[in-house]
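The values are calculated or read from the model by the stated rules, or taken from the named source; none is laboratory data. Small disclaimer: the values here were computed from a predicted structure and weren't measured. Heads up, the Cβs are rebuilt from the backbone with ideal geometry, glycines too, and the neighbour counts pull from every protein chain shown.
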Ligand code: PEP
């Protein structure tokens, strides 16, 4: 099964709107109209509009880093899918480990957001992954299973074409420590098996499963050559146009 590679940049709480515009313009001018790899950049909310304008006409797509699962109303500090759609955001990162850790997001809440984003035509990138403690206690596959099935509860097979899964071992995020390609493939393979079991292989085999956790140009090709690694969710290395575009090139080479 050939799946199109998917490279997404998670800028986290970095880049002002002006800085974001500059970085996005550099990426857009390198990617241009080449859509052989799906490329998504996810800036902060305040930079979305300017970044959206900067990538207009290129193959680069826009994503957000969060949304709230309500259409509008008294939810101070939150943002709705409609607001994201209006700036042409097509994707949203949900369940990132930083949101789970610092903002107490549970699988049930992440699941609400996944369903609401799908109902409102924003494609979710559902993040799952174990902590170091859980890996050392041999709980990795169980944790990943709980987060995956919890996040996808009530999501229909017909909606799975819009879902991207990102496996991000928490101990590898922003630490410079990367899972070895074999370690990552073991978890990606188990995620694939769970998707196949839940939705049937005709659906499960088509879902892109990204790896995230200190992915950089130096380790990308080996990771991306694994059977069930279909791209990357990139933090640190997405903040520089050269390293981000080198990762896109690595995905092209692995295609
Ligand atoms: C992330 O935050 O999703 C991530 C993978 O970060 P980094 O690449 O910096 O480890």
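List of remarks:
- Residue 30 being in contact (Cβ under 8 Å) with a residue 12 or more places away in the chain and within 20 Å of residue 165 (Cα to Cα): no
- Residue in segment 163-175 that is more than 14 Å from the ligand (Cβ to nearest atom), part of a helix (DSSP H, G or I) and at pLDDT 95 or above present: no
- From the list 91, 103, the one residue that fits, being under 19 Å from residue 12 (Cα atoms), within 16 Å of the ligand (Cβ to nearest atom) and without any contact (Cβ under 8 Å) to a residue 12 or more places away in the chain, is 103.
- Selection status of residue 115, in a helix (DSSP H, G or I) and either within 16 Å of the ligand (Cβ to nearest atom) or under 22 Å from residue 45 (Cβ atoms) (or both): yes
- Any hit, segment 75-90, residues being surrounded by 17 or more Cβ atoms within 10 Å (Cβ to Cβ) and under 14 Å from the mean Cα position of the chain (by Cα): yes
- Residue within segment 68-76 that is in contact with a strand residue (DSSP E or B) (Cβ under 8 Å, 6 or more places away or on another chain) and either closer than 21 Å to residue 160 by Cβ or touching a residue at least 24 places away in the same chain (Cβ under 8 Å) (or both) present: no
- Scanning segment 141-158 for residues that are part of a helix (DSSP H, G or I) and free of Cβ contacts under 8 Å to residues at least 12 places away in the same chain turns up 142, 158.
- The listed residue being more than 16 Å from the ligand (Cβ to nearest atom), within 17 Å of residue 241 (Cβ to Cβ) and assigned to a loop (DSSP other than H, G, I, E, B), out of 58, 36: 58
- Identity of the residue in segment 192-214, in contact with a helix residue (DSSP H, G or I) (Cβ under 6 Å, 6 or more places away or on another chain) and within 16 Å of the ligand (Cβ to nearest atom), that ends up farthest from residue 230 (Cα to Cα): 214
- Being closer than 18 Å to residue 142 by Cβ and away from the ligand (no atom under 14 Å from the Cβ) holds for only one residue in 186, 221, and it is 186.
- Matching residues, segment 215-255, being touching a helix residue (DSSP H, G or I) at 6+ places or on another chain (Cβ under 7 Å) and in a strand (DSSP E or B): 231, 232, 234
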